[in-house]
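Taking it in order: structure first as structure tokens, then the write-up.
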Amino acid sequence: MLAAGTKAPAFTLSDQNGNMRSLSDFSGRKVVLYFYAKDMTSGCSKQACGFAELYPQFQEKGAVVIGISKDTAASHKKFEQKYSLPFILLADPELETIRAYDVWKEKNMYGKATMGVVRTTYLIDENGFIARAYTKVKAAENPQQMLAEL
């Protein structure tokens, strides 16, 4: 996990609509950047729906919410439509940004070691620095936790 005070790694990835989005697009705004394992899974859906429910409050505070997983833009589009998600979902199937943010880790699933995304959320300040970093977050609690941080 990257530490608070670190310059947030730059990225340019495709969103759920096929548009290329860069971290620099949001310069001057706070960014809640959360990494999750997979579209349509239970925990990831809870987390996304929590951010969606609180999204107007994030907007009031001038913050942008961005979710990143290794799913494709097409998968993200289905996820967005199923749950009416109002925020940006970025596709990182090559794992470049996921690795840059140090969230691709060995996980233990049913006693077997596998590689995957560790649910992590970063709060990036208006100048592009990591203000807060949360690892192993609880999906259902993370949106409220991040709103409180703002």
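The values are calculated or read from the model by the stated rules, or taken from the named source; none is laboratory data. Computed from a predicted structure; not experimentally measured. Glycine also receives a Cβ, built like all others from the backbone with ideal geometry; neighbour counts cover every protein chain displayed. The area values use the complete protein model at the heavy-atom level, side chains included, leaving out ligands, DNA and RNA. Shrake-Rupley method; radii C 1.70, N 1.55, O 1.52, S 1.80 Å.
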Could you please state how large a percent of the accessible area of the chain is carbon and sulfur, counting protein chains only and using a 1.4 Å probe? 49 percent
Within straight-line cross-link reach of K78, aspartates and glutamates at Cα separation under 19 Å, skipping those fewer than 8 residues along the same chain: D15, D39, E53, D92
Counting only protein heavy atoms and rolling a 1.4 Å probe, one gets per residue an accessible area for segment 63-150 in Å² of 51 Å²
Magnitude of the Cβ-charge dipole (Lys and Arg +1, Asp and Glu -1) of segment 47-150 about the Cα centre, nearest 20 debye, reported as 480 debye
Quick check: pseudo-label points 7 Å beyond the Cα along Cα→Cβ at Y110 and E94, how many nm apart are they? 3.3 nm
State whether segment 12-80 is rounded, prolate or oblate according to the following rule on the C-alpha gyration tensor (a ≥ b ≥ c being the square roots of its eigenvalues): a/c under 1.5 gives rounded; otherwise a/b larger than b/c gives prolate, and the remaining case gives oblate. oblate
Of Y34, G111, T6, which is farthest on the positive side of the dipole of the chain, counting Cα position, with +1 on Lys and Arg Cβ, -1 on Asp and Glu Cβ, and the Cα centre as origin? G111
Taking the alpha-carbon distance from K105 and a cut-off under 24 Å, which lysines remain once sequence neighbours fewer than 8 residues away in the same chain are dropped? K7, K38, K46, K70, K136, K138
T114 accessible area, 1.4 Å probe, all protein chains in place, Å² to nearest 10: 50 Å²
May I ask you to compute the full-extension gain from T135 to T41, defined as 0.36 nm times their residue separation minus their alpha-carbon distance, rounded to one decimal in nm? 32.0 nm
For every helix of n ≥ 4 consecutive DSSP H residues, a contribution of -39,500 (n - 2.57) applies; sum these over the chain, divide by its total residues, and give [θ] at 222 nm rounded to the nearest 500 deg cm²/dmol. -8500 deg cm²/dmol
Among (1) 0.93; (2) 1.15; (3) 0.98, which one is Rg/Rh (Cα atoms, Kirkwood Rh) computed from these coordinates? (1)
Bridge type composition, the chain - antiparallel percent by DSSP, nearest 5: 70 percent
Of T121, T72, T41, which has the largest mean-square fluctuation in a 10 Å C-alpha GNM of the chain? T41
